[in-house]
Each structure stands twice: as C-alpha cells, then as structure tokens.
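K.L.:
I'd like to ask you about the structure that follows.
The values are calculated or read from the model by the stated rules, or taken from the named source; none is laboratory data. Here the structure is a predicted model, which means the values were calculated and not measured. Methodologically, a virtual Cβ is constructed for each residue, glycine included, from the backbone with ideal geometry; neighbour enumeration extends over all protein chains shown.
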Amino acid sequence: MIEQKIREIINNKNFIYLDDFIRICHQDSKNGYYRTREVIGKDGDFITSPEISQLFGEVVSFCLINQIIQKNIRNFNLIELGPGKGTLLKDIDRTFKKINNEFDYSIHINEINKNYLEHIKEIFPNCKNHIKFNDYPKTYSTIVANEFFDALPVRQIIVKDHEMKEVGVTIDDNGNFSFDHYEARCDTKNFMAQQKSLQNGQIFEISPDANYILDELCSFLKYSKGHLLIFDYGFLNTSFSSTLQSLYKNQKTNLLDNIGKQDITYHINFSEFKNIIEKFEPETINFYNQSEFLEKNGIHERAHDLIQNNSDAKDEIEQQVKRLWGKEEMGELFKVLEVVF
C-alpha cells in the first residue's frame, strides 16, 4: 500500500520531500491514486467542468474550431492531457463532427489510469495513448488540458530564520505523518536564485514536473503549429502562501489523511507558465478567468439554443451556466491560458 511505502522511505531517510510524496501518492505504478481509482464524478472525489454540462465541451470546441477555420486547417491532431472518463473528449469530437464533418483528425491522449484508458479505447478505438508530451504526429494540433497540471507534484519553498528550506513529510513521535522543513535541493536553489527574494515565512510553490511538460508541449507546437488551452485554478501573481488542498469524496480533507486515496492539488502559478511559453515566441498568449473565456466563446448563445430546443430543461441549463460561468462559482476561481503557435 502507498502509506506503507512512504513510511518505509521516511524510516530510511527521516523524511520525504513534498513533491516526491505527492508523486508516489498519485502516480505509484501499482497503487497510485490517479492510476487505479475512479476519481471523477459524484461518486468520486471531485467534479470537473465537463461533468457539469455539455456546454463546457461545446464552448471549448467553438474556440478550437475558430482557429482551425481561420488557419484553413483540414488535417490535425486532437489531443487531451488527462482525459479521465473522456467526457470532454466526447463533447469536442461530437461538436467537431456536427459543425464540419470534413475535418480529418486523429485523437491522442496522455492518460495513466488503466480503467479510464480502457473506457476511452471503447469509445475511440483508434486513439493513441502517449507517455511523452512531444511525440504526437508532427502536424497542426489542438491540445486541451482541463485540471491536469494542478495534480502534478509540487514543491513548497519557505524562508525560515533567513534560510531557504523545502517542505517535506516526516513521522512524528506519535507515529503520525507531519510536515517539516528541510534543506532545499540544489535545483530548487538554482531556480529560486532567478526569483524575487522571499521574506521570512513566505512560501513559493513550483512544479518542475509541470514546467517540464509545458516546455515539451511548446517545443512540439513551435515545430508543428497549433492551439493550446489550459484550464485550471490558479493566479498570475503569487500570494506567497500555501495553496495545497486535498479532496476525498467531494469534501476537503487533511492532506496527510487517506494517503494514496485522495486528490492533492495546488493553484497554478500562471505567470511562471507564461514565462516558459514566451521563450518559444508563440503567435498569441491570452489569459482569462473561466467566466470571460466562456462568455467570449458563446456559452450564453449556446445555452439559449438548448433552451429553445428543450424548454423543460430551462432551469437545469441555467443552473449549469451559473456553475460554470458564475463568478461566485467556477467562473472566477478557474483560469484559462490560451496559446496559439
């Protein structure tokens, strides 16, 4: 089990760095949370935008199609990172076929959950699953990542007594998991040397895994051209505080409970993402909150059409729009980074 594996590491080394802890919890080859569990939906630990309404996938499709038509693209890759149950992928595929059945595209995914992968293969038998993030066919590509990056391992750097430390997990005198601070690794120190100095007690979060994947995607898109959409909760300006949270059965929990059985996430530092992307000199970079993105790409017009065709569903559709677009719900919390190459 995951908990026993982590206890053995701590017994041997005294502690485990936070990102390594999350990596084992989420990605362990035998029992990792994202490899084995049915995590999405009302019976899982969290609900994503595509699970709330088909409107989300349709509006995402409209945005992608606008670029495809504008650039006169006929052959392309449709790629989703971490598609889970495949709900968003199905909605995009259905919308593409409905709007233009002459589109010629192949479907590619990056998915580590064996149960979800089998399910997606049943829906899209010809789709290809990838381990790497730059080995897709070298042609124009639309890439969508919805709540993908926030689940990757993250490091927390803190200045304590004027010394740079990293957060790690250890075992206290009562045999319980607890957080503590340890000497920062060399690559962490090298990265932080390029950042603004932290004040005592401030926390900076960085995910080398996320940065590496984004770098790979941009390298691929720079060569092949395409359109990248990233949806996640996050910010442009760091608050210098911890954004870590864990969810179990749709409820917030203690990060050190339910080891290997719950979702651990953090808020994306989109300013760091933009710094990485800008090195590849894309055609455009746009940053929105989800409310702005959905409104710009026609969620209200599409909802109106659905209500016109099914007036009995009016209240349900309006509630779905409110949840996705409303600033007091997901509209403000979730951000969208759009990149065109």
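K.L.:
Which condition number does residue 279 fail, the rest of (1) exposed (fewer than 15 other Cβ atoms within 10 Å of the Cβ); (2) modelled with pLDDT under 95 being met?
P.N.:
(2)
K.L.:
State all residues of the stretch 254-305 that are more than 27 Å from residue 47 (Cβ to Cβ) and β-branched (Val, Ile, Thr); if no residue qualifies, say none.
P.N.:
Result: 276, 277, 284, 285.
K.L.:
Which of the residues spanning the stretch 21-37 are of a type in the set (Val, Ile, Thr) and either over 17 Å from the mean Cα position of the chain (by Cα) or not assigned by TED's automatic domain parsing to the domain that holds residue 166 (or both)? Steps first, answer last, please.
P.N.:
Restricting attention to the stretch 21-37, the residues satisfying the condition of being of a type in the set (Val, Ile, Thr) are 22, 24, 36.
24, 36, listed by residue number.
K.L.:
Can you pull out the residues in the stretch 323-341 that are modelled with pLDDT of 95 or more and part of a helix (DSSP H, G or I)?
P.N.:
Of everything in the stretch 323-341, those that are modelled with pLDDT of 95 or more and part of a helix (DSSP H, G or I) turn out to be 324, 325.
K.L.:
Same structure, new question: Specify the residue that is nearest to the chain's Cα centre (by Cα); the eligible residues are those in the stretch 173-202 that are among the aromatic types (Phe, Trp, Tyr) and at pLDDT 95 or above.
P.N.:
179
K.L.:
How many residues does the stretch 17-71 contain that are within 24 Å of residue 156 (Cβ to Cβ), surrounded by 18 or more Cβ atoms within 10 Å (Cβ to Cβ) and modelled with pLDDT of 95 or more?
P.N.:
Looking only at that region, the number is 8.
K.L.:
Tell me, yes or no, whether the stretch 83-92 has at least one residue that is over 22 Å from residue 149 (Cα atoms), in the same structural domain as residue 257 (by TED's automatic domain parsing) and more than 15 Å from the chain's Cα centre (by Cα).
P.N.:
No - not one qualifying residue is present in the stretch 83-92.
K.L.:
Let me ask another. Mind checking whether some residue in the stretch 115-122 is free of Cβ contacts under 8 Å to residues at least 12 places away in the same chain, in a loop (DSSP other than H, G, I, E, B), surrounded by fewer than 22 Cβ atoms within 10 Å (Cβ to Cβ) and not polar (S, T, N, Q)?
P.N.:
Looking for residues that are free of Cβ contacts under 8 Å to residues at least 12 places away in the same chain, in a loop (DSSP other than H, G, I, E, B), surrounded by fewer than 22 Cβ atoms within 10 Å (Cβ to Cβ) and not polar (S, T, N, Q), one finds none in the stretch 115-122, hence no.
K.L.:
Continuing with this model, one more query. With the checklist (1) part of a loop (DSSP other than H, G, I, E, B); (2) under 28 Å from residue 289 (Cβ atoms); (3) out of contact with any Gly (no Cβ under 9 Å at 6 or more places or on another chain) in hand, flag the one item residue 61 doesn't pass.
P.N.:
Single failed check for residue 61: (1).
K.L.:
Examine the stretch 210-217 for a residue that is surrounded by fewer than 16 Cβ atoms within 10 Å (Cβ to Cβ) and either in contact with a Phe, Trp or Tyr (Cβ under 7 Å, 6 or more places away or on another chain) or over 25 Å from residue 164 (Cα atoms) (or both), and state whether such a residue exists. Walk me through how you get there before you give the answer.
P.N.:
Of the residues in the stretch 210-217, the ones surrounded by fewer than 16 Cβ atoms within 10 Å (Cβ to Cβ) are 212, 216.
Next cut, either in contact with a Phe, Trp or Tyr (Cβ under 7 Å, 6 or more places away or on another chain) or over 25 Å from residue 164 (Cα atoms) (or both) only: 216.
The answer is yes; a qualifying residue exists.
K.L.:
Among the residues of the stretch 209-227, are any assigned by TED's automatic domain parsing to the domain that holds residue 336, at pLDDT 95 or above, assigned to a strand (DSSP E or B) and of a type in the set (Asp, Glu)?
P.N.:
no
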